[in-house]
Amino acid sequence: MTDIFHTTPEIIHLANYCLQEDKIDSSLYTTYEVKQGLRDVNGKGVMAGLTNISMIHSQRLENGQLVPCEGVLQYRGIDIKQLVQGFLQDERLGYEEVSYLLLFGQLPSAAELADFKKILTKKQTLPTNFVRDIIMKAPSKDIMNTLARCVLTLASYDTNADDVSLPNVLNQSLMLISVFPMLVVYAYHAYNHYGNDNSMYIHYPQADLSTAENILHMLRSTKSYTPMEAKVLDMALVLHMEHGGGNNSTFTTHVVTSSGTDTYSAIAAALGSLKGPKHGGANIKVTEMMKNLKETLTDMTDEAQIRDYLVKLLRKEAFDKKGLIYGMGHAVYSISDPRADIFKGFVEDLAKDKGREEEFKLYSLVEQIAPEVIAEERKIYKGVSANVDFYSGFVYSMLDLPEELYTPMFAVARIVGWSAHRMEELINVNKIIRPAYESVCVERDYVDLSNR
C-alpha cells in the first residue's frame, strides 16, 4: 500500500514553487506599515480587543515616558501574588477557587466553592466506551493532537453541540474543564502501552480529590503522591490558567468564537495553537536545552562555562542552533515575570524534597547569567528575564511527569482561561474578527495551457 504520509521528490519539487511564489519582499512590510506578528517595532501588541478577565502590566509612566517595571499579572483585578497567598495561607489548593474567579468574575464563598466543586465532580465522566473506542484506538505520542481529537469527538455525543447560548456554552466549558485531566492522562497511558509496550492502567478520578491530586492519582500506578507534589502541581496549574487576551491560543479562541462556531471547534483550535513550540511547547525546549547544557559542562557551578555555552546558543553554535535561550524573555514582561517569581520558591522546595538541589542551582545560575549575555549579544528594546516556562519543565520532571504531558498540563490549566474568554467574546462582540491583508501580488495575464 502506498504510504500517504511519505514526502516524494515530486512533492518536494512542488514545494519549491511555494517557496518561490509565496516569498514576500521583507521591505514591503515597512512600506505598507504592516505589523508582523501583530506587534509594533518595539514588540508591543496591536490593540485587538478589550477584556475584563486578566491584566498584564510591565511598564509604568515616568516623566511622560513608559519605562519597564516589575511584571504584574492580575486575575479579574486581583494581583496573582495576592491571590496565591490567599489560598496558601489557609493551606488550600487553589485550582478550583481560581477557576471560579476567572469564569464568574468574583471569588466564591465557602458554600459557592463547595457547590462548584460538586459540579466539576459530577462532570468527571466520559461517554460509555469513549476511552476504549476513541482514546485507545490510534494512540499517539503527540498527546495534544489526541486531546484535540477527543474534544472534537465529544461534540458527536452532545445533542446541543452547536447551541451557542451562554448557559449551554458554560455547561460545555465546565464539562471540558472537568474531563481534560482524564483525557490527557488516559491518552498518555494508551500511548505508553501501545507505543512503549508498558503496562496500562486506567484509574478513575476521585470525588474527594482536587484537580492536581486527581492528575497524580490517575497518572501513577500506585495512585500515591505527597502533599508537596500536589501543592506544586496545583500552583503550576494556577499560574498557567490565564494570561490576558493577547496570547496566541487565547486570541485564537476569540477569533474562532467570533465566527459563531461551536465550543468544541473553538477549543480544538486553541489546542492547535498551544501545542506550538513558540507557545505551550516552550517548556520542553527548556528541558532539552538544559539537558544539553549539563552534558556539555564539566562543572555545573562554573559560571564561565555556563556563560560560554549561552553565548554559543545565541550565536547558533550550540543545542538546536536556533539562536535562542529557551525560557528567557517574554513578549510582554521585561524585568520580571510574576509567575516565575512565584514559582521559583516552590521549585526550590520541591528540588530539596527530591534531592535535586544541584540542578536547581544550575537553573538559578542560567537565570542570572542569561540576561547579561543576551544584553551583550543582542540589540534588545526591553529587559529580559526568566519566564514561567523556564522552571515548569524542571518541575514536571521532578513530579515524574513524562515529557509527552508537559504541554497537555498547560492545556489542563488554560482551558479555564479559554472558556472565560469564549464567553466574554459571545457576550460582547457581534462581529467576526477579520483583519486586513495588503495584496502585493503582481498582475499578470492568463496563459493558455499549450503555451506554458
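Brief remarks follow.
- For segment 282-398, the alpha-carbon radius of gyration amounts to 0.99 times the rule-of-thumb value 2.2 N^0.38 Å expected for a compact globular protein.
- Sorted into 10 angstrom bins from 0, the C-alpha pair distances of segment 227-272 split as 26, 38, 24, 12, 1 percent.
- The eigenvalues of the Cα gyration tensor, multiplied by 5 and square-rooted, give segment 1-155 an equivalent ellipsoid with semi-axes of 40, 35, 12 Å from largest to smallest.
- For segment 315-390 versus segment 430-452, the gap between their alpha-carbon centres in whole angstrom: 44 Å
- In segment 150-278, the convex hull through the Cα atoms has an average projected area of 9.6 nm², a quarter of its surface area.
- The value of relative contact order for segment 242-366, using C-alpha pairs under 8 Å at least six residues apart, is 15 percent.
- Counting only aspartates and glutamates at least 8 places from residue 352 when in the same chain, those with an alpha carbon closer than 17 Å to its own are 229, 400.
- Low-density loop cleavage sites - trypsin sites (Lys or Arg not before Pro) in segment 277-338, where at most 16 other Cβ are within 10 Å (DSSP): 278, 315, 316, 321, 322
- More than 28 Å apart - percent of Cα-Cα pairs taken over the chain: 56 percent
- Paramagnetic reach from residue 132 (point 7 Å along Cα→Cβ, amide N under 16 Å) across segment 192-206: 201-203
- Within the chain, longest stretch free of exposed GluC sites (Glu not before Pro) [DSSP loop, at most 16 other beta carbons within 10 Å]: 92-316
- Taking 0.692 mPa s as the viscosity and 37 °C as the temperature, the Stokes-Einstein diffusion coefficient of segment 266-329 based on its alpha-carbon Kirkwood radius rounds to 255 µm²/s.
- Karplus-derived 3J(HN,Hα), 6.51/-1.76/1.60, for each residue of segment 298-307, Hz, glycine and proline x: 9, 9, 5, 9, 7, 5, 5, 5, 4, 4
- When the trypsin sites (Lys or Arg not before Pro) in segment 353-408 are filtered for DSSP coil states and for at most 16 other beta-carbon atoms within 10 Å of their beta-carbon, the remaining sites are 378, 379.
Coordinate-derived values only; no laboratory data. Keep in mind that this is a model prediction, so the values were computed, not measured. Reconstructed Cβ throughout: ideal geometry from the backbone, glycine too, with neighbour counts over all protein chains shown.
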